[in-house]
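The values are calculated or read from the model by the stated rules, or taken from the named source; none is laboratory data. A quick note: this is a predicted structure, and the numbers were derived from the prediction, not measured. No Cβ is skipped: glycine too gets one built from the backbone with ideal geometry, and neighbour counts run over all protein chains shown.
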Amino acid sequence: MNIAAKKYCALNRTSQPISKFSQGFTLLEVLIAIAIFSVISMASFSIFETVLNSDTVTKERTERINELQRGFLIIERDVLQIARRSVRFYGEAPQSGFLHTDIESYSGSEQAIAFVRHGWTNPGLLLPRSDMQSVAYQLNENTVERIHFNFVDAVLGEEPKVRPLISKVESLTFEFYDGKKWQKTLQEGTLPQAIAIEIDTTDFGIIRRQFLVAGDDLQNKDDSRE
């Protein structure tokens, strides 16, 4: 065999493996790859959606807790500074007692409490009002509201200032501690040693907060009378 024939045979032998490995992907391999990619994409989207929903729920829950804390902080600030002073509505006779839980002059709601507090900032009495403030808390359309007038004794025609505090509230109740037990009513012309405010919320259920008051020792008064 001459040299040219040997080279031709060598080229034919080496070309066989090259053609074998130059083939593309089969249809089945492409379909399997697409299926795997689809599964990974679906799993990634589900994880991403879960993270977004968790972030939204966490943000809403945090805002709700902040609302509750802010509302009770305002209530505590007022209750701790309750004054031994009655109020007069629209030029009428002064109210008896210092705490009022049936304040039709504020609202028609039975779930309300009103009193006068010290410490309304008025440096040097520069503003034409007292440093005392008549305030009330009421439940109106499932929202606990804080109400106050510019003057302790509201004048005829003056509209109260209303500030929404806590939303999603089903009921609002109050209890008073007389030194021995909690009770729903209070002796006229006295202040309790503590006031409990209980709200029934749609998301957290019943929340109860108790606030100390510089009140009267009603139990000792009753014992001394005996």
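Observations, loosely collected:
- Scan the range 110-130 for residues that are part of a loop (DSSP other than H, G, I, E, B) and touching a residue at least 24 places away in the same chain (Cβ under 8 Å) and the total you get is 3.
- Qualifying strands (runs of 3 or more DSSP E) (wholly inside the range 131-205; at least 3 residues being more than 17 Å from GLN69 (Cα to Cα)): 133-140, 169-177
- Only listed residue being in contact with a strand residue (DSSP E or B) (Cβ under 8 Å, 6 or more places away or on another chain) and modelled with pLDDT under 80, chosen from VAL87, VAL152, VAL79, VAL116: VAL87
- Residue match in the range 161-183 (condition: under 18 Å from the mean Cα position of the chain (by Cα) and small (Gly, Ala, Ser)): yes
- Within the set SER41, SER54, the sole residue that is part of a helix (DSSP H, G or I), modelled with pLDDT of 80 or more and surrounded by 10 or more Cβ atoms within 10 Å (Cβ to Cβ) turns out to be SER41.
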